[in-house]
1. With a 1.4 Å probe and all protein chains kept in place, how do Met33, Met124 rank by accessible area, largest first?
2. For Leu71 and Lys117, FRET efficiency with R0 = 35 Å and r from the beta-carbon atoms, rounded to 0.05?
3. With a ≥ b ≥ c taken as the square roots of the eigenvalues of the C-alpha gyration tensor of the range 3-77, please select rounded if a/c is under 1.5 and otherwise prolate if a/b is larger than b/c or oblate if it is not?
4. Report the FRET efficiency, 1/(1 + (r/R0)^6), for Glu58 and Glu110, where r is their Cβ-Cβ distance and R0 is 25 Å, rounded to 0.05.
5. For Glu34 and Ala83, calculate 0.36 nm times their separation in residues minus their Cα-Cα distance, and state this gained length in nm to one decimal.
Amino acid sequence: MANITQTENFSLTASSIDAISEIANRCCTGYKMERKDVIRIRLSIEESLGVWLNTLGEGATVSYKTGTRFLRSYFQISAKGEACNPYSVESEDFGHGSKNMLVNIGLIPEYSYVDGKNILTFQMKKKLNLKL
């Protein structure tokens, strides 16, 4: 079961990509990640949203959600529209290389397509230290 801590909805535009990546930046900084890892995640989110902007078009509904699941923090971005996995896109600037960069820092993005929504979930590697 997930404990949702923040959810925001946006209309997909260049400026909303900046806003969402800034939220991710603050979120990752709150997880006390190394700065270089935060930058990698932010760039990956910007690239993923850029792929969705090019594929789904401006104005598509995009959501950003953070929370915890099984004592691990996660954040998720989703966009309504046709199925489009940003990590399967083959280009010089994006694709499998970007995913590998994230895997190397312990952040494995998961893509799914459910009920007309593209969903990218980033599960943090480290478990939270909660005292029960």
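1. Values: Met33 50, Met124 15 Å².
Accessible-area ranking of Met33, Met124, largest first: Met33, Met124.
2. Values: r = 26 Å, r/R0 = 0.73.
In this case the efficiency is close to 0.85.
3. Working: a/c = 2.34, a/b = 1.46, b/c = 1.60.
Oblate, because a/c is 1.5 or more while a/b does not exceed b/c.
4. Values: r = 26 Å, r/R0 = 1.04.
Efficiency, rounded to the nearest 0.05: 0.45.
5. Values: separation 49, 0.36 × 49 = 17.64 nm, distance 3.25 nm.
Stretched out fully, the Glu34 to Ala83 stretch lengthens by 14.4 nm.
The values are calculated or read from the model by the stated rules, or taken from the named source; none is laboratory data. Keep in mind that this is a model prediction, so the values were computed, not measured. Virtual Cβ from ideal backbone geometry, glycine too; neighbours counted across all protein chains shown. Heads up: the accessible areas ignore ligands, DNA and RNA and are worked out on the full protein's heavy atoms, side chains in. Shrake-Rupley method; radii C 1.70, N 1.55, O 1.52, S 1.80 Å.
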